[in-house]
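Each remark here refers to the structure printed beneath this line.
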There are 2 protein chains.
Amino acid sequence: MTHSSPSTPCSGTLFFDVNETLLDMSGLNQAVAQRLGNRPERAEAWFTSVLHHSLVGTVTGSFHNFGDIAEAVLEMTAARYGITLPEEATPLAEIIAAMPAHPDVARGLTALQQQGYTLVALTNSSAALAEKQLSSAGLAPLFTRILSVEQVQVYKPDLRVYQWAMKEMGQSASACMMVAAHGWDVGGAKCAGMKTAFVARRGQALYPLAPSPDRVVDDIVALAAEITPLC
Amino acid sequence: MTHSSPSTPCSGTLFFDVNETLLDMSGLNQAVAQRLGNRPERAEAWFTSVLHHSLVGTVTGSFHNFGDIAEAVLEMTAARYGITLPEEATPLAEIIAAMPAHPDVARGLTALQQQGYTLVALTNSSAALAEKQLSSAGLAPLFTRILSVEQVQVYKPDLRVYQWAMKEMGQSASACMMVAAHGWDVGGAKCAGMKTAFVARRGQALYPLAPSPDRVVDDIVALAAEITPLC
């Protein structure tokens, strides 16, 4: 972390989503699919339902920790399929904490840091979980800050998350970019006034009703190659 | 629709979710599964994603019509699976408009009406779509009002929907019950102060992190058999 005087040229602040954008969720998906009768597509329905229920809490004024939502939705999904979950399985939070980075991430983030960008993690994971995740994946030292929605008690893409994150970093929207592999995340950030980059990870697609992102890239190395300073 | 004088005894106002709670979605699910490579579980992931994206709009201040969200999420889901959608398929809104009632519904609603309850539909479908749906299923004459979230431009379970619906009917929360086959819907209504009944339709399960419903019933006939006046 370096101190920048007002006269230092600034490249801008990049906010990174963590799950799927930086970290590879395939091991988690396999573990969930195995618990739901060895059906890979059930893991996808489970994760979509986790996202849905994070917002259910947001709009009903009842915030729950992301790991607790993940477990509760797994329980509900198992009940829907008439499946009894194994009693002694590894807690999902433990699997989520140990997900590896996608192969491009360390190199891409390092390049962006060298280009003068301030790197911030902005995640739906709890603060404690996010710290564990980025440390375990070897990425924590690259980030100036790790910001969790836990601080505002509403989930992305609620606009209050992005507004709080920008304020926390002391930056105006024009100097900020949200980088994520989910259309709803870059869509929300765009509605909050940020610039946005969609990382087209395998199996991800943009949401047609959200505003278009400023950039679409294959991975973080590609982002580093084509980004231009925001300020 | 009858006029009640203040001295008429009141049984209470029942708000009914429409999709899945009253209407059988299996034909819709089959049509969606067929378009997504004949994989039944993809239809479930699609509907969960429709629900997620209805709330994505809600928390980003961008309301879209439910039918438009359904089509947009189908397009996105197809892109995720690398599937090209047929160009001349029946629009989803047309299929959604023609879904049949579950076999218990007409009899259950009629019994509830005879017991003096005021029946109101409260749905995430647009007003025009909901009118079509309930007319097509032969249920429209049983309802005093058909209320759509379109009026408040946020989706269930945002608490503002339930608060608006109760105000619209001139009722206090203690005289109101929300009836739905989705844990997140009865959970939201409960947070808004209503009584709630969960209809345990096939493949539906309660969400462990939501407040418990007041009643869990197998269908609408069972609800009519065991409900007691709310006021």
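The values are calculated or read from the model by the stated rules, or taken from the named source; none is laboratory data. All values reported here derive from a predicted model rather than from experimental measurement. FYI the Cβ positions are ideal-geometry reconstructions off the backbone, even for glycines, and counts take in every protein chain you see. We work out accessible area using only protein heavy atoms, side chains counted, and drop any ligands, DNA or RNA first. Shrake-Rupley method; radii C 1.70, N 1.55, O 1.52, S 1.80 Å.
So that you can scan it fast, the table gives a plain yes or no per residue for (1) farther than 16 Å from B:Ser174 by Cα; (2) open to solvent by 30 Å² or more (accessible area, probe 1.4 Å); (3) more than 13 Å from every other protein chain (Cβ to nearest Cβ):
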position: B:Met194; (1), (2), (3): no, no, no
position: B:Ala197; (1), (2), (3): no, no, yes
position: B:Val217; (1), (2), (3): yes, no, yes
position: B:Ala224; (1), (2), (3): yes, no, yes
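The single condition from (1) open to solvent by 30 Å² or more (accessible area, probe 1.4 Å); (2) over 29 Å from A:Ala121 (Cα atoms) that A:Phe63 fails is (2). Pairs linking a residue in the stretch B:35-49 that is closer than 13 Å to A:Glu41 by Cα to a residue that is open to solvent by 10 Å² or more (accessible area, probe 1.4 Å) and assigned to a loop (DSSP other than H, G, I, E, B), with Cβ atoms under 8 Å and 6 or more positions apart or on different chains, are B:Leu36/B:Tyr81; B:Leu36/B:Ile83; B:Gly37/B:Tyr81; B:Gly37/B:Ile83; B:Glu41/A:Arg39; B:Arg42/B:Tyr81. Number of residues in the stretch A:47-56 that are more than 7 Å from chain B (Cβ to nearest Cβ) and open to solvent by 10 Å² or more (accessible area, probe 1.4 Å) equals 1. Looking only at the stretch A:64-99, residues that are under 20 Å from B:His182 (Cβ atoms) and either at pLDDT 95 or above or not in a loop (DSSP other than H, G, I, E, B) (or both) come to 15 in all. Screening the candidates A:Glu44, A:Glu75, A:Glu87 for the property of being facing another protein chain (nearest Cβ under 10 Å) and surrounded by fewer than 18 Cβ atoms within 10 Å (Cβ to Cβ) yields one hit, A:Glu75. Within the stretch A:144-179, the residues that satisfy the criterion of being surrounded by 23 or more Cβ atoms within 10 Å (Cβ to Cβ) and within 13 Å of chain B (Cβ to nearest Cβ) are A:Val149, A:Tyr155, A:Lys156, A:Pro157, A:Asp158, A:Val161, A:Tyr162, A:Met178. Can you tell me which residues in the stretch A:121-138 are in contact with a Leu (Cβ under 7 Å, 6 or more places away or on another chain) and surrounded by 22 or more Cβ atoms within 10 Å (Cβ to Cβ)? The answer is A:Ala121, A:Leu122, A:Gln133.
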